[in-house]
Amino acid sequence: MAHQPERPQEYVCEGCHTVIAGTAHGDPPDHSYAPPEECAACGGTEFVEIQNYPSSG
């Protein structure tokens, strides 16, 4: 059976609404994802998890 890659947690930049994959921390299977420190598109630093988008903040 072929390996099924894991889908990373995705975040949405509150400034420009770009969808960005989270950064993995740790090793599988005990890793977690965090938003990037800065949006590569606009330089924003506020992110919301994609399942919580659109946010009310």
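The values are calculated or read from the model by the stated rules, or taken from the named source; none is laboratory data. Predicted model, so just to flag it, every value in this text is computed and none were measured. A quick note on method: Cβ atoms are made from the backbone with ideal geometry, for glycine too, and the neighbour counts reach across all protein chains shown.
Numerical summary
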{"quantity": "Residue in segment 20-31 that is within 19 Å of residue 53 (Cβ to Cβ), part of a loop (DSSP other than H, G, I, E, B) and modelled with pLDDT of 85 or more present", "calculated": "yes"}
{"quantity": "Residue count, segment 1-16 (criterion: under 16 Å from residue 51 (Cβ atoms) and either out of contact with any Pro (no Cβ under 9 Å at 6 or more places or on another chain) or in a strand (DSSP E or B) (or both))", "calculated": "7"}
{"quantity": "Residues (surrounded by 14 or more Cβ atoms within 10 Å (Cβ to Cβ) and more than 12 Å from the chain's Cα centre (by Cα)) located in segment 18-42", "calculated": "none"}
{"quantity": "Within segment 43-53, considering residues that are touching a Cys at 6+ places or on another chain (Cβ under 8 Å) and either surrounded by 15 or more Cβ atoms within 10 Å (Cβ to Cβ) or not β-branched (Val, Ile, Thr) (or both), the one nearest to residue 10 (Cα to Cα)", "calculated": "47"}
{"quantity": "Among residues of segment 3-17, those that are of a type in the set (Asp, Glu) and crowded, with 16+ Cβ neighbours inside 10 Å, counted", "calculated": "2"}
